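Q: Here it is, the structure in full.
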Amino acid sequence: MTVLHNSRINERLIRTVGNAIALAGRGNRLCVVNYHRILAGPDPMLESEPDVATFRWQMALLARCFNVLPLSAALAALDAGKLPPRALSITFDDGYRSVHDLALPVLREFGLPATVFVTSGHIGDRDMWNDCIIEAVQHLPAGQLDLRHLDMGSYSLHTLDARKATLAELTESSKYLPPTARLALVDSLSAMVGEGAGAHGLMLTAEMILNLDRHGIEIGAHTVSHPILTSLNDDEARREIVAGKEQLEAMLGKPVRLFAYPNGKAGKDFDARHAAMAREAGFVAAFTTEPGPITKHGNRYALARSRPWDQTPLMFGLRLLRWLAA
Ligand SMILES: [Zn+2]
């Protein structure tokens, strides 16, 4: 009873503070939350990804304390100067199967809209390179992971903490490898893990994407192969941006208007050239992975998105308000 009472007080506090922010000259703003994978249960190797129980309380909080809008509708309301206070949109990047299997039922339970930015080259296909690393680091036997033949190094897999450190280090150093070197790493790891590696069915199938679309989940683009755009030459970057859009449009039979940059850090992962390419390709907006509010006069091709890491509903909600008010 007390717990429920406290949570109601916290929710009222979040709404009140959110309304005050809008009244204090920071109205007509949008906050966009950004998820990737949803896990069936907690995983010590993937502490930054929410499990479905965590995702569920977060959605309950958003449904009760925020005005959650479909992203395209929110941008239209922003242009018209008509966003409600506490305006928020929910997004998922990369196109994980768990968005369909685990998140969609929760979204439907709370009547929440969302947008999924799909990496078109991974639909129903090979897992993403970062998941191949996770798979290998999780399942290889205890010992050293020797990648010196790839000019990388030798990494410890002796304890859970060592595996976590290895995962973080390998993921970070692979992000900025040229695509061919990254592929060589993934192939090497897959060969070490053995049978069936690299095809574990973590990503959405075409049928699931169509089903998300039928349930009103908007599909956005996220390139074909999820490269760091600044690591490509202009022709390659343009091809990734344009073909990612065209492949999804062919599948859905309708225009895809929203884009999210892979990795999403402005100046590091993409720059003004890629923003211009996104505009020329026909996208009406493009999203980063940096926290902050979206305002009417901000750059429509570098829109803020992030996800609070807080463990309690109150702190989670207050951080979203802080980003809205920033
Ligand atoms: Zn991504």
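What follows draws every value from the coordinates through simple rules; no lab data is involved. From a predicted model like this one, the values you see are computed outputs, not experimental measurements. All Cβ positions, even for glycine, are placed from backbone atoms using ideal geometry, and neighbour counts span all protein chains on display.
Q: Non-local amide H neighbours of ASN34 (under 5 Å, H modeled in plane, Pro and chain starts lacking H): which ones?
A: Close amide H contacts, sequence-distant or interchain: THR91, SER306, ARG307.
Q: What residues qualify as long-range amide H neighbours of ALA221, i.e. H under 5 Å apart, gap of 5 or more or another chain, H built at 1.01 Å from N?
A: VAL118, LEU258, PHE259, ALA260
Q: Near ASP234, within a Cβ-to-Cβ distance under 14 Å, what is the net charge of the other residues, with Lys and Arg +1 and Asp and Glu -1?
A: So the surrounding residues net to -2.
Q: On to the next question. Quick one: order TYR261, TYR155, TYR35 by neighbouring beta-carbon count within 10 Å, fewest to most.
A: Sorted ascending by nearby Cβ count, the order is TYR155, TYR35, TYR261.
Q: Separate question: In what sequence do ILE294, ILE123, ILE219 fall when counting other Cβ within 10 Å, fewest first?
A: So the residues, fewest neighbours to most, are ILE123, ILE219, ILE294.
Q: Count of lysine pairs in the chain with Cα atoms under 13 Å apart, counting only pairs 8 or more residues apart in sequence or on different chains?
A: 4
Q: Between region 309-326 and region 147-196, what is the C-alpha centre distance in whole Å?
A: Using only Cα atoms, the two centres lie 34 Å from each other.
Q: Here's something else I'd like to know. So for THR288, THR180, THR230, fewest C-beta neighbours within 10 Å to most, what's the order?
A: Going from sparsest to densest Cβ surroundings: THR180, THR230, THR288.
Q: Just how large is the dipole of the chain about the Cα centre, in debye to the nearest 20, putting +1 at every Lys and Arg Cβ and -1 at every Asp and Glu Cβ?
A: So the magnitude is around 1760 debye.
Q: Please state the Cα pair-distance histogram of the chain with 10 angstrom bins from zero: what percent is in each bin?
A: Histogramming the chain at 10 Å steps yields 6, 25, 33, 25, 10, 2, 0 percent.
Q: Still on this model: Helix by helix, which DSSP H runs in the chain go 30 Å or more along their axis at the Cα atoms and have an average Kyte-Doolittle hydropathy of -1.0 or more?
A: Membrane-span-like by this criterion, though nothing is claimed about a membrane: none.
Q: Report the one residue of ASN6, GLY201, GLY267 whose Cα lies farthest in the direction of the positive end of the charge dipole of the chain (charges on C-beta: Lys and Arg +1, Asp and Glu -1; origin at the Cα centre).
A: Comparing the listed Cα positions along the dipole, ASN6 ranks first.
Q: Sum -39500 (n - 2.57) across every DSSP H segment of at least 4 residues in the chain, then divide by the residue count to get the 222 nm mean residue ellipticity, nearest 500.
A: -14000 deg cm²/dmol
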